[in-house]
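Worksheet: the structure to be examined is printed underneath.
FYI, it's all coordinate maths here, none of it is from the lab. A quick note: this is a predicted structure, and the numbers were derived from the prediction, not measured. Ideal geometry is used to build each Cβ from the backbone, glycine not excepted, and the neighbour counts take in all protein chains shown.
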Amino acid sequence: MALLKEQDQQHLRQEFAALENPVKLIVFTQPFECQYCTETRMIAEEVAALSDKISVEVYDFDNHREIAEQYNIDKIPATVIMRGGDEAKDYGIRFYGIPSGYEFSSIIEDIMLVSSGDSGLSDEVRAWASNLTEEVHMQVFVTPTCPYCPQAVILAHRLAMESDLIRGDMVEAIEFPHLSNKYHVQGVPRTVINETVHMEGAAPEIMMLGKLKEAVA
């Protein structure tokens, strides 16, 4: 049984008609002992079926460890969204956990962003990202019922598009309780930058830039 309703499929087909460049979804899963692995794979496959510009690859996390390591995947379910085709590029955009509820919109917006190749960030933030000299790891903790979380997720993913040194992870807080406990996640969205700097809520990009500068100071 399909997860996406026919009405939603028709809407997405129309939206995907504007895709400029190919997009590839890579899903890491395993048949057993993974909560929401099946549903995460189904979401990616159903979305990819709505446009010739979207492709999907599915890998077993245990049997394809070398591929998981290539994309720095350390937990599942995981989804990578990257530029496909001859000019394939991994921007460092990651989803850990099922992209359901409000986070389904993040998947769709990421597909549109990656296809366009333009992060849409301000000139000030772009300039900072272009001069970056050390790695930045952003983990955005979310829940599917949080209406403000997609804004924080998309900002992290826009930043990841601007620099090969930035990686942006969506982390579903309920599915990964050990990480939620480690980073003291008591409300979402909560963005953790390089393990030590935190941002609560869906902050505007100029405020996030201040936190990023603090993290790499």
Residue pairs meeting the criteria (Cβ under 8 Å; at least 6 apart or on separate chains; first loosely packed, with under 13 Cβ neighbours inside 10 Å, in the stretch 125-137; second of a type outside the set (Gly, Ala, Ser)): Ser130/Glu162; Thr133/Leu165; Glu134/Leu165; Glu134/Val216
Out of the residues in the stretch 141-178 that are touching a helix residue (DSSP H, G or I) at 6+ places or on another chain (Cβ under 7 Å) and assigned to a strand (DSSP E or B), which is nearest to Ala215 (Cα to Cα)? Ile166
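Let's see how each residue does on (1) closer than 18 Å to Ile111 by Cα; (2) more than 20 Å from the chain's Cα centre (by Cα):
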{"site": "Leu4", "(1), (2)": "yes, no"}
{"site": "His11", "(1), (2)": "yes, yes"}
{"site": "Pro31", "(1), (2)": "no, yes"}
{"site": "Glu46", "(1), (2)": "yes, no"}
Given (1) touching a residue at least 24 places away in the same chain (Cβ under 8 Å); (2) crowded, with 19+ Cβ neighbours inside 10 Å; (3) not β-branched (Val, Ile, Thr), number of the condition Ala48 does not satisfy: (1)
Please count how many residues of the stretch 179-195 are in contact with a Ser or Thr (Cβ under 6 Å, 6 or more places away or on another chain) and assigned to a strand (DSSP E or B). 0
Scanning the stretch 57-77 residue by residue, the ones that are under 17 Å from the mean Cα position of the chain (by Cα), surrounded by fewer than 19 Cβ atoms within 10 Å (Cβ to Cβ) and either farther than 24 Å from Arg167 by Cα or among the β-branched types (Val, Ile, Thr) (or both) total 1
Taking the criterion of being β-branched (Val, Ile, Thr) and in contact with a Phe, Trp or Tyr (Cβ under 7 Å, 6 or more places away or on another chain), would at least one residue in the stretch 155-170 satisfy it? no
Hand me the list of strands (runs of 3 or more DSSP E) wholly inside the stretch 13-118 holding 3 or more residues that are closer than 21 Å to Ala173 by Cα. 23-29, 78-83, 93-96
